[in-house]
Amino acid sequence: MNVEVNYMCGLSFFYSKSKSFSKEIQESLELTIHRGPDSTGVYETEYCDSFIGLGHNRLSIIELSDAGSQPMHNDNGYSIIFNGEIYNHNELRSKLKANNISFRGGSDTEVALQLYIEYGLESFSMLEGMFCIIILDKVNNKIHLARDAIGIKPVYISSNDFGIFASSEIKGLKPYLNNELSFDKNDIYEFFNTGFLYEPATGYKNIKKLMPGHVLTIDIASGNKVTKLYKKLSAYNNSNSFANKLNHSISNQLMADVPLGVFFSGGADSSILASMSNDADLFFAEYSADSSADIDKKYSKLIAEYLNKKLISYKFSDDDTGVDDLIRQVKFVAENTEELISDYTFWATYQLSMAAKESGYKVMLSGMGGDEAFAGYPRYHILNKHSFFKLLNPLLKFFLKFNVFPKKLDKKFERLVSYTDEDNWGVAYSRLLGYFSRTELKSLFKEKEGFLFANYSAKLVQIIKQFEGDFNDKVKLGQHMDRSGFLAHNLMVSDKASMLASIELRVPLLDEALVAHGYASNSANLIDLKATKKPLKNFLKSILPKSLIERSKTGFNPPIDTLIDKIGQNRLKQEVLGVERFIDEKFVLKLIDEHFSQKSNNAYKIWQILYFKYWVSSL
């Protein structure tokens, strides 16, 4: 009997014309063992005057079987390593069996390999799921590296005079590069504009990500490499209704022979998952220092009771945490995000994932992606009324200058004014995402800022040029930007934080057909003056009463203000020392002083600088 086997894993790969990297691939896998602690496999070969290595760490999700061991080989000269899950593998297996193809086991890895043997590069466009796949094809003398269409699973690539290397995490590349990573100053400037980087940037000159929906092909004999898109996102859309697409995605991602839970906030996205996840427990993160926590907690309890679901609440409190421990938390985030992503939710996601693991879970569902696919963030209201807010710019600047706005909106109001100030729309959108104004960036980067700004603006122009819709529709343009920016950063945070706890995180709302549906939808069908992500909320109305749906969005926001205030002015001024070779230290100290004198709320700016200091130091 065939036994289904699925794994979440970590991959490592090398290709070289000059030497083998046997020691380095073992070190690479050891550094990423948390991604797959159940077993490790390595295959090395010398072929076409080339040295090739495939390495794999495995975390079993469905019953373990030797038939699913990796690297996996076909008798005719094909090998594969695979990270992720193919949700339509049973359908593809039936299709292949109809072509008289037999299988040794029941894994989706074997399906991916056999599908490639049968259909070549076209096979990647037939897969539905989250994955990174590396295939060694000795028949055609090629190596292929492919990433899923949404970019849920990462793969990092570096090349130099000695070869081409890949890993599921940046730390897995360090042995191949002798720990010689070079900071990219353009990436650093971009980071201070947004708090993250647009893919494929990572913060390092010699490491980039493979873009979602792309395949990198290496000719083994010559070493030449070509990267191309294997399928447009729009091509995943189909004629099924939104409800059918949603049901299909969630039912596919509920399959597991290990305990499965749901990360639950009480919001629309996670409530949909909770209502459709059978008997899965709900895990709720509560921040004692966050005023919105009481609202989330109240609605989470009400919704769980209405759905007759078990709600497990994990209270994250730094009330009794000392300053040194808080500093260690920030360092932990800086070291483990790997890319330049100053998102403190990494710490909470890791803690919540560890709590789930300690409760016996290996698989968790997350409502991530609904806000990007269906225009759910509050900032989309601004995009929807872009022209109106631009007209208000003089008035908004007046209000900001004389502090004539609600104090609780201080950070958001400043970002709104910065948005309306910019002529380059891509840069303007950055102001809604990041915390530093152009004036502050000039103070941070001094005489280099003009050059760096020009490079950053040019990069954003290139991203915008790839948009195939109406450039006047800023909601759709914002979704386009978020796909390789804000969504990509969220996915990297969730992937790495959950995998550090050896938890597989599934994201049903990022099913290819669902995302394509959202991106193809007219803005008016996604957002109006009253509501955002209308398709999801309309669906939720068939599940929950109106009183549990219509409330303000709070989000998964850790208490940065409390963190910064507790670390304190003097300790912060000590900790940020050493950033001078990248940004102006005097201006950084000024920001700290102004924050603690209550001249302005600079908590998020200070957090970002502190993160950056530790990120640079973690190399």
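The values are calculated or read from the model by the stated rules, or taken from the named source; none is laboratory data. All values derive from a computational prediction rather than experimental measurement. So basically every Cβ, Gly included, is an ideal-geometry build from the backbone, and we count neighbours across all protein chains shown. Just so you know, the surface numbers come from the protein's heavy atoms only, side chains and all, with ligands and any DNA or RNA stripped out. Shrake-Rupley method; radii C 1.70, N 1.55, O 1.52, S 1.80 Å.
For residues that are open to solvent by less than 20 Å² (accessible area, probe 1.4 Å) and part of a helix (DSSP H, G or I), tally how many sit in the stretch 328-344.
Adding up the residues that qualify gives 5.
Evaluate the following for Asp320: is it loosely packed, with under 15 Cβ neighbours inside 10 Å, among the charged types (D, E, K, R), closer than 25 Å to Gly568 by Cβ and under 27 Å from the mean Cα position of the chain (by Cα)?
no
Return yes or no: is Asp423 modelled with pLDDT under 95 and either more than 25 Å from Lys208 (Cα to Cα) or open to solvent by 10 Å² or more (accessible area, probe 1.4 Å) (or both)?
Here the answer is yes, as Asp423 does meet what is asked.
Please tell me if Lys496 is of a type in the set (Lys, Arg) and open to solvent by less than 10 Å² (accessible area, probe 1.4 Å). Don't jump to the end; show me each part of the working.
Details: of a type in the set (Lys, Arg): yes; open to solvent by less than 10 Å² (accessible area, probe 1.4 Å): yes.
So Lys496 passes the test.
Would you mind stating whether Asp482 is modelled with pLDDT under 95, in a helix (DSSP H, G or I) and either out of contact with any Asp or Glu (no Cβ under 8 Å at 6 or more places or on another chain) or open to solvent by less than 10 Å² (accessible area, probe 1.4 Å) (or both)?
Values: modelled with pLDDT under 95: no; in a helix (DSSP H, G or I): yes; either out of contact with any Asp or Glu (no Cβ under 8 Å at 6 or more places or on another chain) or open to solvent by less than 10 Å² (accessible area, probe 1.4 Å) (or both): yes.
The answer is no for Asp482.
List, please: which pairs have Cβ atoms under 7 Å, are six or more places apart or on different chains, and start with a residue in the stretch 465-494 that is more than 20 Å from Leu505 (Cα to Cα) and free of Cβ contacts under 8 Å to residues at least 12 places away in the same chain and end with one that is open to solvent by 10 Å² or more (accessible area, probe 1.4 Å) and part of a helix (DSSP H, G or I)?
Gly469/Lys476; Asp470/Lys476
Filtering the stretch 523-545 down to residues that are charged (D, E, K, R) and closer than 22 Å to Gly469 by Cα, which residue is surrounded by the fewest Cβ atoms within 10 Å (Cβ to Cβ)?
The residue in question is Asp528.
Mind counting the residues in the stretch 218-234 that are open to solvent by less than 60 Å² (accessible area, probe 1.4 Å) and more than 30 Å from Lys17 (Cα to Cα)?
Residues flagged as open to solvent by less than 60 Å² (accessible area, probe 1.4 Å) and more than 30 Å from Lys17 (Cα to Cα) within the stretch 218-234 amount to 2.
Please enumerate the residues belonging to the stretch 356-372 that are among the small types (Gly, Ala, Ser) and either on the phi > 0 side of the Ramachandran plot or open to solvent by 10 Å² or more (accessible area, probe 1.4 Å) (or both).
Ser359, Gly360, Ser366, Gly367, Gly369
Identify the residue in the stretch 165-190 that is surrounded by 21 or more Cβ atoms within 10 Å (Cβ to Cβ) and polar (S, T, N, Q) and, among all such residues, is farthest from Pro154 (Cα to Cα).
Here the answer is Ser167.
Where residues in the stretch 218-242 are outside any loop (DSSP other than H, G, I, E, B) and among the hydrophobic types (A, V, I, L, M, F, W, C), which of them is nearest to Ala166 (Cα to Cα)?
Going through the qualifying residues, I end up with Ile218.
Among the residues of the stretch 558-583, count how many are part of a loop (DSSP other than H, G, I, E, B) and either at pLDDT 90 or above or in contact with a Ser or Thr (Cβ under 7 Å, 6 or more places away or on another chain) (or both).
Residues in the stretch 558-583 being part of a loop (DSSP other than H, G, I, E, B) and either at pLDDT 90 or above or in contact with a Ser or Thr (Cβ under 7 Å, 6 or more places away or on another chain) (or both): 10 in total.
Working only within the stretch 43-56, note down all residues that are surrounded by fewer than 18 Cβ atoms within 10 Å (Cβ to Cβ) and either closer than 25 Å to Val363 by Cβ or touching a helix residue (DSSP H, G or I) at 6+ places or on another chain (Cβ under 7 Å) (or both).
Glu44
With respect to Ala520, is the statement that it is modelled with pLDDT of 95 or more, out of contact with any Leu (no Cβ under 7 Å at 6 or more places or on another chain) and open to solvent by less than 20 Å² (accessible area, probe 1.4 Å) true? So that I can check it myself, show each step before the final result.
Numbers: modelled with pLDDT of 95 or more: yes; out of contact with any Leu (no Cβ under 7 Å at 6 or more places or on another chain): yes; open to solvent by less than 20 Å² (accessible area, probe 1.4 Å): no.
Judged against the criteria, Ala520 is not a match.
Report every pair of residues separated by at least 6 positions or lying on different chains whose Cβ atoms are under 9 Å apart, first residue within the stretch 299-311 and closer than 11 Å to Leu282 by Cβ, second surrounded by 18 or more Cβ atoms within 10 Å (Cβ to Cβ) and among the β-branched types (Val, Ile, Thr).
That search, which allows pairs on different chains as well, returns Lys309/Val262; Lys309/Ile303; Leu311/Ile303.
Is it fair to say Leu136 is more than 30 Å from Glu449 (Cβ to Cβ), open to solvent by less than 10 Å² (accessible area, probe 1.4 Å) and of a type outside the set (S, T, N, Q)?
Yes; evaluated as a whole, the condition is true for this residue.
Find the residue count for the stretch 373-408, including only residues that are under 20 Å from the mean Cα position of the chain (by Cα) and either open to solvent by 30 Å² or more (accessible area, probe 1.4 Å) or on the phi < 0 side of the Ramachandran plot (or both).
Applying the first criterion (under 20 Å from the mean Cα position of the chain (by Cα)) to the stretch 373-408 yields 373-380.
Cutting the leftovers down to either open to solvent by 30 Å² or more (accessible area, probe 1.4 Å) or on the phi < 0 side of the Ramachandran plot (or both) gives us 373-374, 376-380.
So the answer is 7.
Yes/no matrix, rows are residues, columns are (1) assigned to a helix (DSSP H, G or I); (2) more than 30 Å from Tyr236 (Cβ to Cβ):
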| position | (1), (2) |
| --- | --- |
| Leu416 | yes, yes |
| Thr420 | yes, yes |
| Phe453 | yes, yes |
| Ile464 | yes, no |
| Phe471 | no, no |
| Gly478 | yes, no |
| Asp495 | yes, no |
| Val515 | yes, no |
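Those residues that are at pLDDT 90 or above, in contact with a Ser or Thr (Cβ under 7 Å, 6 or more places away or on another chain) and either part of a strand (DSSP E or B) or of a type in the set (Lys, Arg) (or both), I need them from the stretch 17-39; list them, please.
Lys17
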